[in-house]
Structure formats: C-alpha cells, structure tokens
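Here's the structure, in structure tokens; my notes come after.
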Amino acid sequence: MEKSGCKWIFFFNFTLQNIIKNMASFIGDNQCKVDPKGRISFPTAFKKQSDSKEPDRFVMKKDIFEQCLILFTIEEWEKQVEMIRAKLNPYKQEHNNFLRNYYKDTAEVMLDTTNRLLIPKRMLELAQIQKDVYLIGLDTKIEIWAQEIYDKLEKTSETILAQMAEKILA
C-alpha cells in the first residue's frame with residue numbers, strides 16, 4: 001500500500017510541477033498612456049514573463065469584482081473556460097444566466113507588430129479608462145486599471161493588506 005501511495009504522490013507532484021511550469025506568472029506593475037485610438041504599449045517585462053505559445057494573443061474581460069479589465073493569455077483563458085464548463089450545466093437556467101453574463105464583456109485582442117494592445121472602445125468605457133492606466137501583474141492574469149480608480153483603491157489597500165494576510169494566511 002505504501003509503495004502505491006508513493007507512486008501517486010510522485011505522479012501528482014510531477015504533474016503539478018509541469019502544470020505550474022507551463023503557466024505564466026505575471027508580476028509587477030506598469031503605468032501606460034492610452035493613445036487616441038485606444039492603444040497601450042504592452043510592457044516588455046510582461047511579454048518576457050509569458051510562456052504562451054501565442055504570446056501576442058489574449059482575451060480581455062471586465063473583472064467581475066472590480067472596476068478594471070483582466071487580460072488572460074489565450075492558454076490561461078482556455079483553462080478558465082474548462083474550469084467553468086466543469087462546474088456548470090447550461091441546461092439549468094441559473095447556470096445559463098451566469099454564462100451569458102460572464103462572457104458578455106469579453107473580447108479577443110492581439111498585440112500589433114510594435115507591441116501595442118488595442119483596447120476596444122466598449123472595454124475602455126466599462127473600466128472608465130481615459131488616458132492613463134496601470135497594468136498590474138496578478139499571477140496568471142494582468143489587471144488593467146484606470147489610473148484615477150486605481151489611485152483611490154491604492155490609498156486604502158496598504159493598511160488592509162496586513163489584516164488580510166493575518167486572516168487568510170495565519
């Protein structure tokens with residue numbers, strides 16, 4: 001029995017290491033300007049951190065909790081979709097309503113030849129983005145915030161971080 005358990009633990013650890021190795025982990029923050037056409041220069045640091053097979057292709061979505069946009073690599077988006085599919089039944093009305101609302105504010109976007117990312121106009125409006133934005137690496141995704149909204153959030157978040165760390169990690 002012990003030998004069998006050891007094999008499973010080895011298999012689980014090996015599989016988990018491969019999954020983690022094949023995931024982007026975005027860290028850091030970058031301030032960018034939005035040009036008149038709605039484009040931002042995509043930070044080189046984020047491009048280097050991506051292990052995507054299609055590093056210029058992303059899915060952008062309105063965040064469900066915050067007043068910001070979320071940028072997923074195409075591979076991470078596919079993982080998110082698989083996770084959702086595993087939990088929902090489209091033949092249940094409540095699940096179907098969730099799916100409709102989840103996919104509603106979503107767009108596939110691509111970097112152009114000069115590493116600029118065009119943010120669709122409707123997405124700019126959803127996140128109240130006008131001129132300046134922050135791109136925040138948040139593990140497997142990148143948040144895109146209007147500077148004014150993020151600055152207000154940032155003022156309160158530092159004092160809350162210690163309290164959350166104690167509550168969640170202690």
With the charge dipole of segment 23-169 built from beta-carbon charges (+1 for Lys and Arg, -1 for Asp and Glu) about the Cα centre, the Cα from Cys32, Ile149, Met83 projecting farthest to the positive end belongs to Met83
So if each residue of separation counts as 0.36 nm, and I subtract the Cα-Cα distance between Lys53 and Ile27, what length gain in nm does that give? 7.4 nm
When a/c is below 1.5 the answer is rounded, else prolate if a/b is larger than b/c, else oblate, so apply that to segment 23-169 with a ≥ b ≥ c taken from the square roots of the Cα gyration tensor eigenvalues. rounded
Give me the lysines in straight-line cross-link reach of Lys87: C-alpha distance below 23 Å, same-chain residues under 8 apart excluded. Lys61, Lys62, Lys79, Lys104, Lys141
Rough spin-label spacing in nm, given labels placed 7 Å along Cα→Cβ, for Gln93 and Lys152: 3.6
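Throughout, read-outs are computed from the coordinates displayed, never taken from laboratory work. These numbers were taken from a predicted model, which means no experiment stands behind them. So basically every Cβ, Gly included, is an ideal-geometry build from the backbone, and we count neighbours across all protein chains shown.
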